[in-house]
Amino acid sequence: MIYMNFTLPKNVLNIIAKMESNGFQCYTVGGCVRDMLLGLTPKDYDLTTNAKPDEIISIFKDYKIIDAGIKHGTVAVIIDNEVYEITTYRIDGDYEDNRHPKNVEFTTSLKEDLARRDFTVNAMAYNPSEGVIDYFNGQEDLKYKAIRCVGEPDKRFKEDALRILRALRFASTYNFSVEFNTYNAIAKNKELLNNISKERIATELVKTLCGENCSYILRRFKDVFAVIIPEISTVFHYDQNTPHHNKTLWKHTVSCVKHIDNDPILRMTMLLHDIGKPMSENKDENGVSHFRGHEKTGAGIAKIILERLRYPKDFTETVVNLISIHDLRIQPDRIIIKKVLKNIGSDNFSMLMKIQMADVLSQSSYHQQEKIDKLNKVNSIFLDIMANDECFSLKYLKVNGSDLMGCGMSKGKIIGDTLNLLLNKVIENTLVNDKETLLQYVRKNVI
């Protein structure tokens, strides 16, 4: 559905009015127009004008100005602590690195400015007096949910190879498909992604994984993902050869991504969780495959991938850790669950439950309902433990190092060992988590 009742923020309306009162054209442009047509609230509002940068600066001389992007025609105006970028209509020069134009030329034509943009849905402009300016049928592509390049797709991707991942990200985020010619140009030019910075690839990849339509993108464009993550190609046609699975490893992976929350850590974990399986396969006497240790092998491979793509250290460590424990078998027993909680923490345990459920939901029907029932029991006990603030870590223990030293215990390793001893006894229900009870035990059995 296309929405036409736009409500622009007051400051945006004032910028447009101020530009027009000084004899210039001014429009909101790009993603904000797309989102308004989809009935969404834009995160920001970019503006475009036929005024030159020095003219923009003169018009807004009474405001704080950021002119760091002025050589590309962009002037940032700060109003009420919000930044609004106003860019002069421009034509991009030749692209030399499959990413950035060598130079830009200013133009007086809005159409020429819109013609240089990536996709039709991002090549529209709007202002209140003229409505939507749409030279390239962006509204029609929004209506039919299609990602289509402006002009010749092959040229667009050779200019800026990052547009390949942007196409996938938009299709995933907005639940769109990629039209035929654009699809073919992506397939033809996918290797150009090797010229794009790892940081930009990492950003687009996470956004794509978190999209509503991610499973379609992973299925349809797996060869593109193999360019940015070469290791993943080993799972594409891999037959798992076990009654627990009725899908190839890639189809199982895609299903796992689909079945989990659209959280970056969880989606990335599911994308890479079984990447160690092909290297870990062993067949038993009946010819059935087993993958003992695949979680540790996969964690090592994932670490290499995520570090190569330069994801933040904490993101990488969390994903790698979750992959290393994703196949951990947890019994629906309160003491066992508390021991696992002690080792991995409540946040990781909560994510692990979601990971294992997505995994099971993506397997065959062989013992599937039993696995689901067991996971639900484990999760129910976990939630009850958390709701009742039951002790499973030192922060819940009613004594600390200072209390032990107050009993006459000297500083050092014995403090930590004693606290862990007490914690284990509380978890195993052989001691009550009460300060005096715990200290009495220490006085009698430790000091």
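The values are calculated or read from the model by the stated rules, or taken from the named source; none is laboratory data. Given the structure is predicted, the values throughout are model-derived calculations rather than measurements. Counting neighbours? That spans all protein chains shown, and the Cβs are built from the backbone with ideal geometry, glycine included. All accessible areas refer to the heavy atoms of the entire protein, side chains included, with ligands and DNA or RNA removed. Shrake-Rupley method; radii C 1.70, N 1.55, O 1.52, S 1.80 Å.
Any idea of LYS10's accessible area? Nearest 10 Å², probe 1.4 Å.
For LYS10, solvent-accessible area is about 140 Å².
For the stretch 247-296, which GluC sites (Glu not before Pro) pass both filters: DSSP loop (anything but H, G, I, E, B) and at most 13 other C-beta atoms within 10 Å?
Those that pass, being in a loop and sparsely packed, are GLU285.
Give me the percent relative contact order of the stretch 379-447, please, defined on Cα pairs under 8 angstrom at least 6 residues apart.
That works out to 35 percent.
Let me understand the stretch 291-447 better: what is its radius of gyration from the alpha carbons, and its Dmax, in angstrom?
Gyration radius and largest Cα-Cα distance of the stretch 291-447: 19.2, 59 Å.
For the chain, what is the accessible area per residue in Å², given a 1.4 Å probe and the full set of protein chains?
Result: 49 Å² per residue.
Report, in degrees rounded to the nearest 10, the 0 to 90 angle that the Cα long axis of helix 10-21 makes with the longest principal axis of the chain.
Tilt relative to the chain: about 20 degrees.
Report, in debye and to the nearest 20, how large the dipole of the stretch 375-434 comes out about its Cα centre when Lys and Arg carry +1 and Asp and Glu carry -1 on their Cβ.
Taking the Cα centre of the stretch 375-434 as origin, the dipole is about 220 debye.
Residue farthest toward the positive end of the dipole of the chain, with Cβ of Lys/Arg at +1 and Asp/Glu at -1: which of GLY287, MET4, THR203?
The listed residue farthest towards the positive side: GLY287.
Need one number: nm distance between label points at GLU307 and GLU82, each 7 Å from Cα along Cα→Cβ, rounded to one decimal.
4.4
Rounded to the nearest percent, how much of the accessible area of the chain (1.4 Å probe, protein heavy atoms only) is carbon and sulfur? Walk me through the intermediate numbers first.
On the way: 10260 of 21710 Å².
So the carbon and sulfur contribution to the accessible surface is 47 percent.
Calculate, in nm to one decimal, what LYS111 and HIS237 gain on full extension: separation in residues at 0.36 nm each, minus their alpha carbon distance.
On the way: separation 126, 0.36 × 126 = 45.36 nm, distance 4.58 nm.
Gain in length upon complete extension: 40.8 nm.
Please report, in debye to the nearest 20, how large the charge dipole of the chain is about its Cα centre when each Lys and Arg carries +1 at its beta carbon and each Asp and Glu carries -1 there. If you can, show how the numbers build up before the last one.
On the way: 60 positive and 59 negative charges, 253 e Å.
Using Cβ point charges on Lys, Arg, Asp and Glu, the chain gives about 1220 debye.
Let a ≥ b ≥ c be the square roots of the eigenvalues of the Cα gyration tensor of the stretch 244-352; is it rounded (a/c under 1.5), or, if not, prolate (a/b larger than b/c) or oblate?
Cα axes put the stretch 244-352 in the oblate bin.
Arrange the peptides 118-129, 344-355 so that the one whose residues have, on average, the most other Cβ atoms within 10 Å appears first. Spell out each step's value before the answer.
Working: 118-129: 22.5, 344-355: 17.7.
Ranked from most to least packed, the peptides come out as 118-129, 344-355.
For the charge dipole of the chain, defined by +1 on Lys and Arg C-beta atoms and -1 on Asp and Glu C-beta atoms about the Cα centroid, which residue among ASN429, THR248, LEU40 has the Cα displaced farthest towards the positive pole?
In the chain, that residue is ASN429.
Considering amide H positions built from the backbone, and no H for Pro or chain starts, which residues 5 or more places from PHE106, or on another chain, come under 5 Å of its amide H?
Long-range HN contacts for PHE106: ILE91.
Can you list the lysines whose alpha carbon sits under 24 Å from that of LYS444, skipping same-chain ones fewer than 8 residues off?
Candidates past the 8-residue exclusion: LYS395, LYS398, LYS411, LYS413, LYS425, LYS435.
Tally Lys/Arg at +1 and Asp/Glu at -1 over every other residue whose Cβ is under 13 Å from the Cβ of LYS435; what's the total?
Counting the neighbours of LYS435, the net charge comes to -1.
Take the chain, connect every pair of alpha-carbon atoms lying under 10 Å apart with a spring to form a Gaussian network, then pick out the residue of VAL206, VAL257, VAL12 with the largest mean-square fluctuation.
VAL12
Relative contact order for the chain: what percent, with Cα pairs under 8 Å and sequence separation of 6 or more?
Rounded, it is 8 percent for the chain.
Let me check something: with ligands and nucleic acids excluded, how do LYS444, LYS277, LYS158, LYS251 order by accessible area (1.4 Å probe), largest to smallest?
From most exposed to least exposed: LYS444, LYS251, LYS158, LYS277.
How much accessible surface does TYR144 have with a 1.4 Å probe, in Å² rounded to 10?
Spelled out: TYR144, probe radius 1.4 Å, area about 140 Å².
Determine, from the Cβ-Cβ distance of ASN424 and MET4 and an R0 of 60 Å, the FRET efficiency 1/(1 + (r/R0)^6), rounded to the nearest 0.05.
In this case the efficiency is close to 0.40.
Report the gain in length on full extension from ASN22 to MET279: 0.36 nm times residue separation, minus Cα-Cα distance, nm rounded to one decimal.
My answer for the length gained is 85.8 nm.
Normalized C-alpha radius of gyration of the chain, against 2.2 N^0.38 Å?
Values: Rg = 28.5 Å, N = 447, 2.2 N^0.38 = 22.4 Å.
Against the compact-globule rule of thumb, the ratio is 1.27.
With a ≥ b ≥ c taken as the square roots of the eigenvalues of the C-alpha gyration tensor of the stretch 1-140, please select rounded if a/c is under 1.5 and otherwise prolate if a/b is larger than b/c or oblate if it is not?
Verdict is oblate for the stretch 1-140.
Which of THR28, CYS214, GLY276 sits closest to the plus end of the dipole of the chain, meaning its Cα is farthest towards the positive end, when Lys and Arg get +1 and Asp and Glu get -1 on the C-beta?
GLY276
I need the fraction of alpha carbon pairs in the stretch 156-207 separated by more than 18 Å, rounded to a whole percent.
Numbers: 347 of 1326 pairs.
When all Cα pairs of the stretch 156-207 are counted, 26 percent exceed 18 Å.
May I ask you to list the aspartates and glutamates whose Cα is less than 16 Å away from that of LYS52, ignoring any residue fewer than eight positions away on the same chain?
Cα-Cα hits under 16 Å: GLU20, ASP67, GLU85, ASP92, GLU105, GLU112, ASP113.
Relative to the Cα centre, what is the charge dipole magnitude of the stretch 340-447, using +1 at the beta carbon of each Lys and Arg, -1 at the beta carbon of each Asp and Glu, and rounding to the nearest 20 debye? Spell out each step's value before the answer.
Numbers: 13 positive and 12 negative charges, 78 e Å.
The dipole magnitude comes to about 380 debye.
Per residue, how much space in cubic angstrom lies within the convex hull of the C-alpha atoms of the stretch 134-235?
96
Return the FRET efficiency for the residue pair ASN262, VAL446: r is the Cβ-Cβ distance, R0 is 60 Å, and the value is rounded to the nearest 0.05.
The computed FRET efficiency comes out at 0.75.
Using a 1.4 angstrom probe on the protein heavy atoms only, could you order CYS32, CYS407 from most to least accessible area? Before the final figure, lay out the partial values.
Values: CYS32 5, CYS407 35 Å².
Final ranking, largest accessible area leading: CYS407, CYS32.
For the stretch 366-383, take each phi angle, set θ = phi - 60°, evaluate the Karplus expression 6.51 cos²θ - 1.76 cosθ + 1.60, and give the result in whole Hz per residue in order, putting x for glycine and proline.
Karplus-based 3J(HN,Hα) across the stretch 366-383 equals 5, 6, 5, 5, 4, 5, 5, 4, 5, 4, 4, 5, 4, 5, 5, 5, 4, 5 Hz.
Given the C-alpha centroids of the stretch 205-262 and the stretch 333-371, what is the distance between them in whole angstrom?
21
Using a ≥ b ≥ c from the Cα gyration tensor of the stretch 289-372 (square roots of the eigenvalues), is it rounded, prolate or oblate, where a/c under 1.5 gives rounded and otherwise the larger of a/b and b/c decides, a/b for prolate? Present the calculation step by step, with values, prior to reporting the outcome.
Values: a/c = 2.13, a/b = 1.34, b/c = 1.59.
In terms of gyration-tensor shape, oblate.
Hey, can you rank 104-110, 51-57, 66-72, 160-166 by average C-beta count inside 10 Å, highest first?
160-166, 51-57, 104-110, 66-72
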